[in-house]
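For reference, the structure discussed in these notes is given below.
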Amino acid sequence: MRASLFLSLTLFIFSGSSCKRIEAKLDRIARAAGLTTEAAQPTKPKPPEVPLTPEQQAIEARALNNAIFEAAKPEEVVPKAVPFELNKSAIVSILGYHDFRERGGSPMIIASAKFREQMQAIKDSGIPVIPLSDVLAWRKGLKNIPEESIVITMDDGWEGVHTYAYPVLKEFGFPFTAYLYKKYVNIGGRSLSWDQIREMMKNGCEIGSHSVSHESLRIKKGRKEEDHQLWLLGELKDSKEFLEKNLGVPITSFAYPFGVFDDSTSDTALQVGYETLVTVNNQKVSWDTPMGKMGRYIIHGESDANFKLATSFRGRGDIASNHFLVPDTKDENGKLLIELSPLPEEVITERQPLIQANLKGLGSILPESVKLRIGGLGVVPASYDHPNMTVSYRLPYKLRREDCAVTLSFKRSAEAEDEVVNWRFKVNLTAAYIPISQ
């Protein structure tokens, strides 16, 4: 029976003299194997086979090698390419410091204990500290940065940066930028040495220029306009080349001495090759901020005023006035105080997830104080189930960026301070596009 079916299939596929030739061969094979088929039973002598023409031989060869005889292969599923979406809603706060000592004493000198206290507040807040080069890459459209982030800078090149600030920054893993001016590098006294600068560069420090002389770039001091322009060009260009030659890295950022500049100064600096120029005008950096006028908050001595302004994002309140809870904080029995979904740093494939926070572990919550903020959306209309103490919010659209930042704030009573928990989760955009197999 099997032979008969095989012969029938063969006869269906092939025709003409080619078919007869193959049939004869199959007959011989069947008789040799002891199979009984209609074609194998002796009925009458077979006529001699007619030789195939070269054209017929070619057709037969193609037929026998045809893909119809091959086993079907599973179709490969290729993930769709996910278009990169730039996060143009991000906000950056740049902090500006000068000198550091064991104790303060002047607006430009920060006590080491005060500096540690401020860095600890940033660490506890969960607000990311990013290098200035990331801000530049973001503005070029090359990468995304967090919805809210902080950049730390140091002006002038005081040795106190290496002695007091650098160990704290290294401990917390915070990158920073040191702006140096040519006449105050490696000259002894309280200036940074080349060795100290290179050591810091190995641990998260980027270098920017702060001019040659640290003089105001707008004051002419009796120079004619043409002479002043030549002097200005030297202040910008010579300091850049001096640092690049000695440190072997491109210098792309410039800090205006005393924050003094005008449009002509900015244009000249950009033409020289600087890509980011920072001021002292107490403004955060957004997508629309001109690259030659990036605001900074200069931190003064023992005053926390500018630090609070710098670390207050979109009406949430500064980090010094909030009590931050680490997402994995547990009670004395080892149970999480707050159960979050998606989990912190979890990678999910659902592009329109339900965000939830169960606050039962906290004991009591003032319902009207609960606020949920989503990166890119701000405060959202989350629902709060008071009996179950659960905050919920379903994203109204599919996420197109890999990173999603969430901030939940609340009070335990009317008299209590705001408490804040920050967490982030990621979306595997590639996996999200792969069809689920049936």
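What follows draws every value from the coordinates through simple rules; no lab data is involved. Quick caveat, the model's predicted, so the values are computed rather than measured. We place every Cβ from the backbone using ideal geometry, glycine too, and count neighbours over all the protein chains shown.
When the pairs K170/K398; K202/K293; K284/K360; K123/K360; K170/K426; K140/K398 are compared against a 30 Å limit on Cα-Cα distance, K170/K398; K284/K360 fall above it. For the range 74-207, the calculated P(r), taken from all Cα-Cα distances in 10 Å bins from zero up to the bin holding the longest distance, is 11, 36, 29, 13, 6, 3, 1, 0 percent. By the compact-protein rule of thumb, 2.2 N^0.38 Å, the alpha-carbon radius of gyration of the range 324-432 corresponds to a ratio of 1.07. Taken over the C-alpha atoms, the range 242-296 has Rg and Dmax values of 11.8, 34 angstrom. Using a Förster distance of 51 Å, how high is the FRET efficiency between V260 and V380, based on the Cβ-Cβ distance and rounded to 0.05? After rounding, the FRET efficiency stands at 0.75.
Summarising the amide proton neighbourhood of E148: residues at separation of 5 or more, or on other chains, whose placed amide H is nearer than 5 Å comprise I91.
In terms of the mean number of neighbouring beta-carbon atoms within 10 Å, the peptides 418-424, 261-267, 335-341 order highest first as 418-424, 335-341, 261-267. Each Lys and Arg Cβ is given +1 and each Asp and Glu Cβ -1; about its Cα centre, the range 292-438 then shows a dipole of about 720 debye. If you take the beta carbon distance between K245 and E215 as r and set R0 to 25 Å, what does 1/(1 + (r/R0)^6) give as a FRET efficiency, to the nearest 0.05? Here the calculated transfer efficiency is 0.70. Roughly speaking, what is the centre-to-centre gap between the range 120-170 and the range 333-356 when only Cα atoms are used, to the nearest Å? The two parts, judged by their Cα centres, are 27 Å apart. Please state, to two decimals, what the Cα-based radius of gyration of the range 374-424 comes to when divided by 2.2 N^0.38 Å (N = residues). Compactness ratio reported: 1.31. With a cut-off of 9 Å between beta carbons, the residues surrounding K426 carry a summed charge of -3, where Lys and Arg count +1 and Asp and Glu -1.
Gyration tensor over the Cα atoms of the range 188-227: the corresponding equivalent ellipsoid has semi-axes (square roots of 5 times the eigenvalues, largest first) of 32, 12, 7 Å. Taking the alpha carbon gyration tensor of the range 91-321, multiplying each eigenvalue by 5 and rooting it gives semi-axes of 27, 21, 17 Å, largest first. Here the Karplus relation 6.51 cos²θ - 1.76 cosθ + 1.60, evaluated at θ = phi - 60°, turns the backbone of the range 325-332 into coupling constants of 9, 5, x, 9, 4, 10, 7, 5 Hz, with x for every Gly and Pro.
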